[in-house]
Amino acid sequence: MDFGEALAALKAGKRVTRSGWNGAGQWLVLVPGSTITVDAERPLGKAAPELVGQAVSYSPHIDIKTVQGTIVPWLASQTDALAEDWEVVA
């Protein structure tokens, strides 16, 4: 499937991957927006103490599970956006 179809699958709550990616086990997931209250002991509160106690909004975004097993924000490359090898993860 193409990236448009992959994006629709993400919006439907599915995980997607590319068969052309070198690393096995990588996939994408859409993280919905949320609101959190900034805690002084958490990284955001430590980096921006003026926000402690305030509600902040996180916008929806796409995360990737990497081959190392970590989850990080993801941004499509031109190759990813034009690829036709997207698949839904079962």
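The values are calculated or read from the model by the stated rules, or taken from the named source; none is laboratory data. Values in this document were obtained by computation on a predicted structure and should not be read as measured data. Virtual Cβ from ideal backbone geometry, glycine too; neighbours counted across all protein chains shown.
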For this session: From L51, L30, grab the single residue that is touching a strand residue (DSSP E or B) at 6+ places or on another chain (Cβ under 9 Å) and aliphatic (A, V, I, L, M).
Result: L30
Problem set entry | Positions within segment 65-90 being in a loop (DSSP other than H, G, I, E, B), β-branched (V, I, T) and under 12 Å from S19 (Cβ atoms), in sequence order | V89
Problem set entry | Residue selected from segment 1-22 under the condition farther than 13 Å from T79 by Cβ and in a helix (DSSP H, G or I), by the criterion nearest to the chain's Cα centre (by Cα) | L10
Problem set entry | Verdict on T35 being more than 26 Å from M1 (Cα to Cα) and either out of contact with any Ser or Thr (no Cβ under 7 Å at 6 or more places or on another chain) or exposed (fewer than 11 other Cβ atoms within 10 Å of the Cβ) (or both) | yes
Problem set entry | Selection within segment 32-54 - without any contact (Cβ under 8 Å) to a residue 24 or more places away in the chain and either part of a loop (DSSP other than H, G, I, E, B) or hydroxyl-bearing (S, T, Y) (or both) | T35, T37, V38, D39, A40, E41, R42, A48, V52, G53, Q54
Exercise. Which of the residues that make up segment 1-47 are within 16 Å of E84 (Cα to Cα) and small (G, A, S)?
Worked result: G4, A6, A8, A9, S19, G20
Problem set entry | Residue list for segment 39-84, filter: in contact with an Asp or Glu (Cβ under 9 Å, 6 or more places away or on another chain), closer than 30 Å to A12 by Cα and either surrounded by 14 or more Cβ atoms within 10 Å (Cβ to Cβ) or modelled with pLDDT under 95 (or both) | W74, A83
For this session: List every residue pair whose Cβ atoms lie under 6 Å apart, where the two residues are 6 or more positions apart in sequence or sit on different chains, the first residue falls within segment 75-90 and is at negative phi, and the second residue, located anywhere, is at pLDDT 95 or above and among the β-branched types (V, I, T).
Result: W86/V16; E87/T17; V88/V16; V89/T17
